[in-house]
Amino acid sequence: MTEPDATLLAERERLTERFALMQTELGGLFYEMAIRDHVRMEILMGKAAALQRIDTELAQVEHLIAGGDTGIGGHCRGCGAVYARGAAFCSQCAEALPG
């Protein structure tokens, strides 16, 4: 198995840090809303959806690393998600990717 390139490892690190921060912020936001008895589900759901997108992107990067791929294909123009070489459409937003 070949070593994943530095760009892919850096992307995993960036996404891991971003995920942890967003998860902490979501928990803190819920706590603040709950103690004020003013929970706004639409706000929490939006934040949770953003967190889920990061989690999906991180899983894709982990898949590329585990598969021994030597690098990523690029970042989607529409949403910025990482995509694998040879992908035709973004797994996040379904935008057509450059071929």
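Per-structure values
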read-out	value
Solvent-accessible area per residue for the range 1-87 (1.4 angstrom probe, square angstrom)	64
Distance between modelled label sites at Thr16 and Cys93, nm, 7 Å Cα→Cβ extension	2.7
Label-point separation in nm, Arg85 to His38, each point 7 Å along Cα→Cβ	5.3
Percent accessible area from carbon and sulfur atoms, the range 29-99, protein chains only, probe 1.4 Å	57
Given [x] 1.09; [y] 1.05; [z] 1.47, the label whose value is Rg/Rh (Cα atoms, Kirkwood Rh) derived from this model	[x]
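The values are calculated or read from the model by the stated rules, or taken from the named source; none is laboratory data. Since we're looking at a predicted model, the values are computed, not measured. Note that we place each Cβ from the backbone using ideal geometry, even for glycine, and neighbour counts take in every protein chain shown. Heavy atoms of the whole protein, side chains included, go into the accessibility calculation; ligands, DNA and RNA do not. Shrake-Rupley method; radii C 1.70, N 1.55, O 1.52, S 1.80 Å.
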